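Trainee: This is the structure, below, for whatever I ask next.
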Amino acid sequence: MPLATTRRTGLVDQVIEQIRATVAAGEWPVGTRVPPEAELAETLGVGRNTVREAVRALAHAGLLEVRQGDGTYVRATSEISGAIRRLAGTELREVLQVRRMVEAEGARLAARHRTAEELVELRQAMAACEEAEGAADLAAFTRADLAFHQLVVRCAHNAVLAELYRGLTEVVHASVATTVAGGRCESHTGLLAAIRSGDAAGAAAEAEDFLDSLLREHGAPRS
């Protein structure tokens, strides 16, 4: 969504919300340098101090990162994601443990609640994974694999679970990239079959098994 001139009440909160929405919509991807303060102030119709305060708040929340002498960059897709990145750091084992819990429950609920239209989307998402793997395009596989898992959780039709998983986007992407680089490309055939047949227990088990094997590799006991 394009930035719009703000109303004259609650200016800082409005600027925060507009920046947050722009990042969430993907218009400013993670790693992107946001427009300079003066440009944001002109676009939004507010003073530079208002923009500065909003950016400071979002940087404190972990959404943005202010680099002195360089500019302000998007650090995460949401405040939840920023907080999780600060907590998780680069500890792959802890990320895998959280993924196991969230993705297993997402798969269980998806098997019960997915629609026929969503099943078609899941097949297409799996096909994108297979195409990327066949082409040995690890970057494309990483993106496709993340998209598949996000779709499974969305098919659970639990808004809180979906928002929690969205907050994990950056750390999940990093964990997938790490495991793919190590030669571990996950197959989704069994998971998709379980979701298609409505086998909730089977879907959860499929989601758990691959992550359990990765956790064993990284020295973590089964939760």
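Trainee: What would the Debye formula give as log10 I(q)/I(0) at q = 0.17 Å⁻¹ for the alpha-carbon point model of the chain, no solvent?
Mentor: Log-scaled intensity ratios, in q order: -1.14.
Trainee: Under a Cβ-only charge scheme (Lys and Arg +1, Asp and Glu -1), can you give me the dipole magnitude of segment 92-189 about the Cα centre, in debye to the nearest 20?
Mentor: On the way: 11 positive and 14 negative charges, 68 e Å.
Result for segment 92-189 is approximately 320 debye, rounded to the nearest 20.
Trainee: Under a 10 Å cutoff between Cα atoms, tell me which one of Leu109, Leu11, Leu122 has the largest fluctuation in the Gaussian network model of the chain.
Mentor: Most flexible of the set in this elastic network: Leu11.
Trainee: Here's a follow-up. Can you find, among Val102, Gly167, Leu151, the residue farthest towards the positive end of the dipole of the chain? Put +1 on the C-beta of Lys and Arg, -1 on that of Asp and Glu.
Mentor: Gly167
Trainee: A further question follows. Once a ≥ b ≥ c are taken as the square roots of the eigenvalues of the Cα gyration tensor of segment 91-155, is the result rounded (a/c under 1.5), prolate (a/b larger than b/c) or oblate (a/b not larger than b/c)? Numbers along the way, then the final one.
Mentor: Details: a/c = 3.29, a/b = 1.06, b/c = 3.10.
It is oblate, given that a/c is not under 1.5 and a/b is not larger than b/c.
Trainee: Can you give the charge dipole size of the chain about its Cα centre, rounded to the nearest 20 debye, using +1 on the beta carbon of Lys and Arg and -1 on the beta carbon of Asp and Glu?
Mentor: Value, rounded to 20: 580 debye.
Trainee: Still on this structure, I have one more. Helix 116-134 versus the longest principal axis of the chain: what angle, 0 to 90°, nearest 10, using Cα atoms?
Mentor: With both axes taken from Cα atoms, the answer is about 90 degrees.
Trainee: Could you tell me what a quarter of the Cα convex hull surface of segment 95-223 works out to, in nm² with one decimal place? Intermediate results must be reported in sequence, preceding the final value.
Mentor: Details: hull surface 27.5 nm².
Result: a mean projected hull area of 6.9 nm².
Trainee: Now a separate question. What residue among Glu94, Glu42, Glu118 has the largest mean-square fluctuation in a Gaussian network model of the chain, using Cα springs under 10 Å?
Mentor: Glu42
Trainee: By how many degrees, 0 to 90 and rounded to 10, does the Cα axis of helix 92-113 deviate from the longest principal axis of the chain?
Mentor: Taking the Cα atoms of the chain, the angle to 92-113 is about 70 degrees.
Trainee: Considering the chain as a Gaussian network with a 10 Å cut-off on Cα pairs, which listed residue, Leu44, Leu146, Leu64, attains the greatest mean-square fluctuation?
Mentor: Of Leu44, Leu146, Leu64, the most mobile in the Gaussian network model is Leu44.
None of the figures in this text is laboratory data; all of them are computed from the coordinates on show. Bear in mind the structure is a predicted one, so any value in this text is a computation, not a measurement. Methodologically, a virtual Cβ is constructed for each residue, glycine included, from the backbone with ideal geometry; neighbour enumeration extends over all protein chains shown.
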